[in-house]
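Undergrad: Before I ask anything, here is the structure I am working with.
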Amino acid sequence: QVLLVESGGGLVQAGGSLRLSCAALGRTFGSATMGWFRQAPGKERKFVAAIDWSGTSTYYADSMKGRFTISRDNAKNTTYLQMNSLKPDDTAVYYCAADPFGRPVRTALYGYWGQGTQVTVSS
């Protein structure tokens, strides 16, 4: 089992930055592919970014490239999402997810999800 707990969300003005954290508790974190997703009100959950177990391979949704950076610290069992140049359209609940089988970042299947953290970007 992997328990994921997100934190770091909040209210920020357009153009600002936030760093989300995802703390993972469980024996499989070190080999897991980790991902971030987001869901805006009334919309489907969408992929944001993913990172492989070693941190050397990352993958981003096109609209996040250059603004968001995913990273991880396996010693701390934590995955991060640094978000810069935030826009009102980035407002959503952000979810952390884990693929405990460590599939490649482009084809990961996420079986574990956190509860989400709200990010609100004001104009």
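The values are calculated or read from the model by the stated rules, or taken from the named source; none is laboratory data. Remember, it's a predicted structure, so these values are computed and weren't measured experimentally. Cβ: placed from backbone, ideal geometry, glycine included. Neighbour counts: every protein chain shown. Ligands, DNA and RNA are stripped out before the accessible areas are found, and what is left, the full protein with its side chains, is counted by its heavy atoms. Shrake-Rupley method; radii C 1.70, N 1.55, O 1.52, S 1.80 Å.
Undergrad: Just the number please: accessible area per residue for the chain, 1.4 Å probe, all protein chains included, in Å².
TA: 52 Å²
Undergrad: Oh, and also: Evaluated at 20 °C with a viscosity of 1.002 mPa s, what Stokes-Einstein diffusion coefficient in µm²/s does the chain have when Rh comes from the Kirkwood expression over alpha-carbon pairs?
TA: Diffusion coefficient, whole number: 152 µm²/s.
Undergrad: What's the local net charge at MET83, with K and R +1, D and E -1, over the other residues with C-beta under 11 Å away? Each step should come with its number before you reach the end.
TA: Details: positive: ARG19, ARG38, ARG67, LYS87; negative: ASP90.
Spelling it out: positives minus negatives among the neighbours equals +3.
Undergrad: Sticking with this structure for a sec: Provide the net charge surrounding GLU44, with neighbours chosen by a C-beta distance below 15 Å and charges set as Lys +1, Arg +1, Asp -1, Glu -1.
TA: +3
Undergrad: Moving to a separate point now. Going by Cα centres, the range 24-71 and the range 4-18 are how many Å apart?
TA: Taking the Cα centre of the range 4-18 as reference, the centre of the range 24-71 is 15 Å away.
Undergrad: Among the DSSP beta bridges whose two residues both lie in the chain, what percent are antiparallel, rounded to the nearest 5?
TA: Around 90 percent antiparallel, to the nearest 5.
Undergrad: Over the range 12-59, with every protein chain in place, what whole percent of the accessible area is carbon and sulfur at 1.4 Å, could you tell me?
TA: 49 percent
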